[in-house]
Amino acid sequence: MEHVTVKDLVLGSGGVLVSGSEEAPVSHIRLDSRQVEPGDLFVPLLGERVDSHRFLPQVMDQGAAAVLTSQELTLPEGGAGCAVIRVEDTKKALQKIGSYLRDRLTLPLVGVTGSVGKTTTREMIAAALSARFCVYKTPGNSNSQVGVPVTLSEITENDQVGVIELGMSEPGEMTVIANIARVDMAVITNIGITHIGQLGSQENILREKLHITDGMKDGGLLILNGDDPLLKNVRGREGLRTVYYGTGENCDFRAVDICFEDGYPSFTAVHGADRQRVRLNVMGQHNVMNAMAAMAVCAECGMTMEEAARGLLTGQGFKNRQQVHETGRFTILDDSYNACPESMKAAFQVFKELHPERRHVAVLAEMRELGHETESAHRQVGIFAAEAGIHLLVTLGAECRALTEEFKKRSGAPVAEFTDKDQMTAYLDQALQDGDCVLFKGANSMALFKVAARYMENRPE
């Protein structure tokens, strides 16, 4: 945070300063007590298992400039210099602070949401914009009700454009986030079945995602995937402009003449009379769509298509999202961050293009938060795996039984099923062969990224 004092935090949160100086400067907002450094604000949140108020004495000893609290607090020795701000609810106070800090920003903000590809699209938009602007983008996955306020707090006066990711998993969450962020441009990548267990249907997911426009001023721009069956006929509310990107004739920003070289796409971007050849350094046809979303954002920011194409060429993707690693022994496609049928299909499209002459091993963990779609979604992935010509299928989790059943119907390739990660890893140590191409993909909570890291480090012999 720049030029933020305890007084600003009191005003923003609507809280009461219990102790400490209101003139003390504050540098960062921290939600994790382990990350607190001198000059930071610590916000203790009430989690399912832990009430972080228990760490207040600790962060004071670490030199925190200020803390929020919804509880009575006895200052520890050495914590007298820490400002204590009493609030009714620390989570809501954090959101109010985020909104307060948003009011101080003058740069345009681009918000990105969707069922699949939010982070990759965010990265590609930021890469494209960077050809002209100093760009701030959401760090990591800070896209939630508590993550977005922190994200906004880190934007500096040197930043010229902000690209922030907005996520949601339950009814009403997007409205909360959107009214904090109040973006100027909103990108919706697609409507899939992620979080359908909480939201009930794709139509409900669409309605929730569209709440990204709740905080937008008249004249704002809604940028939609015109190839998505649920988005292609959507128009923004009165006062907003709507444009579409994709490959269809209905799209204002359109990709044509798509081709691939070793899995890396190139295409011609078309907008009105303008045409620009674009090459990407990330694999897969789905990234053509992400690039076209970036083209639309860049046009709104006054950039030429040539500038945007130059920026896109610098994009390298994001950790645990279709990252290709050549280890010397294996070619690893690490797409372990998360999974749903749509992203599984995209992963297989990339995977089958990697060294097609070699053996392909798919290590898949179960997908989560799919509600009544769980079994059918896993069966669908089994079909995708068979169509991709997988030579060895390894699964983790009981829900993968439906996946393997469909795979076995369509493929004679061997299958190894596990419910224990350590047992699966022991099997892989023996089964993987030099030269194998290995895909790791599953729900983030299944932590396949830890298994992928083992083989990227080339440890097993």
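Looking only at the range 311-325, decide whether some residue is surrounded by 15 or more Cβ atoms within 10 Å (Cβ to Cβ), of a type in the set (S, T, N, Q), more than 21 Å from residue 138 (Cα to Cα) and touching a strand residue (DSSP E or B) at 6+ places or on another chain (Cβ under 9 Å).
No, every residue in the range 311-325 fails to be surrounded by 15 or more Cβ atoms within 10 Å (Cβ to Cβ), of a type in the set (S, T, N, Q), more than 21 Å from residue 138 (Cα to Cα) and touching a strand residue (DSSP E or B) at 6+ places or on another chain (Cβ under 9 Å).
Considering the range 403-428 alone, what residues qualify as being surrounded by fewer than 16 Cβ atoms within 10 Å (Cβ to Cβ) and assigned to a loop (DSSP other than H, G, I, E, B)?
Of everything in the range 403-428, those that are surrounded by fewer than 16 Cβ atoms within 10 Å (Cβ to Cβ) and assigned to a loop (DSSP other than H, G, I, E, B) turn out to be 412, 414, 419, 420.
I need the full set of residues from the range 178-195 which are closer than 15 Å to residue 228 by Cβ, modelled with pLDDT of 95 or more and hydrophobic (A, V, I, L, M, F, W, C), in order please.
186, 187, 188
Going through 39, 98 one at a time, which residue ends up being surrounded by fewer than 19 Cβ atoms within 10 Å (Cβ to Cβ), of a type outside the set (D, E, K, R) and under 29 Å from the mean Cα position of the chain (by Cα)?
Values: 98 fails: surrounded by fewer than 19 Cβ atoms within 10 Å (Cβ to Cβ).
That would be 39, the only listed residue that is surrounded by fewer than 19 Cβ atoms within 10 Å (Cβ to Cβ), of a type outside the set (D, E, K, R) and under 29 Å from the mean Cα position of the chain (by Cα).
State which residue is nearest to the chain's Cα centre (by Cα) when the search covers only the range 429-461 and only residues that are of a type in the set (A, V, I, L, M), under 28 Å from residue 369 (Cα atoms) and surrounded by fewer than 21 Cβ atoms within 10 Å (Cβ to Cβ).
447
Go over the candidates 17, 107, 9 one by one and state the one that is at pLDDT 95 or above, crowded, with 21+ Cβ neighbours inside 10 Å and not basic (Lys, Arg). Steps first, answer last, please.
On the way: 17 fails: crowded, with 21+ Cβ neighbours inside 10 Å; 107 fails: crowded, with 21+ Cβ neighbours inside 10 Å.
Being at pLDDT 95 or above, crowded, with 21+ Cβ neighbours inside 10 Å and not basic (Lys, Arg) holds for just one of 17, 107, 9, which is 9.
For the range 398-420, give me each residue that is of a type in the set (D, E, K, R) and out of contact with any strand residue (DSSP E or B) (no Cβ under 6 Å at 6 or more places or on another chain).
The initial filter retains those residues of the range 398-420 that are of a type in the set (D, E, K, R), namely 399, 401, 405-406, 408-410, 417, 420.
Listed by number, the residues that qualify are 399, 401, 405, 406, 408, 409, 410, 420.
Take the conditions of a type in the set (A, V, I, L, M, F, W, C) and touching a strand residue (DSSP E or B) at 6+ places or on another chain (Cβ under 6 Å) and apply them to residue 85. Does it pass? Quick ask: steps written out before the conclusion?
Numbers: of a type in the set (A, V, I, L, M, F, W, C): yes; touching a strand residue (DSSP E or B) at 6+ places or on another chain (Cβ under 6 Å): yes.
Yes, satisfied.
Would you confirm whether or not the range 214-224 contains a residue that is under 16 Å from the mean Cα position of the chain (by Cα) and either more than 30 Å from residue 304 (Cβ to Cβ) or without any contact (Cβ under 8 Å) to a residue 60 or more places away in the chain (or both)? Spell out how you get there, then give the answer.
From the range 214-224, those under 16 Å from the mean Cα position of the chain (by Cα) are none; that's our starting set.
Within the range 214-224, none of the residues are under 16 Å from the mean Cα position of the chain (by Cα) and either more than 30 Å from residue 304 (Cβ to Cβ) or without any contact (Cβ under 8 Å) to a residue 60 or more places away in the chain (or both).
Within the range 433-443, identify whether any single residue is on the phi < 0 side of the Ramachandran plot and part of a helix (DSSP H, G or I), and answer yes or no.
There is no residue in the range 433-443 that is on the phi < 0 side of the Ramachandran plot and part of a helix (DSSP H, G or I).
Do we have residue 57 as at pLDDT below 95, assigned to a helix (DSSP H, G or I) and on the phi < 0 side of the Ramachandran plot here? Break it down into steps so the answer makes sense when it comes.
On the way: at pLDDT below 95: yes; assigned to a helix (DSSP H, G or I): yes; on the phi < 0 side of the Ramachandran plot: yes.
Considered against the rule, which asks whether it is at pLDDT below 95, assigned to a helix (DSSP H, G or I) and on the phi < 0 side of the Ramachandran plot, residue 57 comes out as yes.
Within the range 186-215, count every residue that is hydrophobic (A, V, I, L, M, F, W, C), surrounded by fewer than 24 Cβ atoms within 10 Å (Cβ to Cβ) and touching an Asp or Glu at 6+ places or on another chain (Cβ under 7 Å).
2
Of the residues that sit in the range 388-416 and are under 29 Å from the mean Cα position of the chain (by Cα) and of a type in the set (D, E, K, R), which one is nearest to residue 430 (Cα to Cα)?
This residue is 401.
The values are calculated or read from the model by the stated rules, or taken from the named source; none is laboratory data. Since the structure is predicted, the reported quantities are computational estimates derived from the model, not experimental observations. Methodologically, a virtual Cβ is constructed for each residue, glycine included, from the backbone with ideal geometry; neighbour enumeration extends over all protein chains shown.
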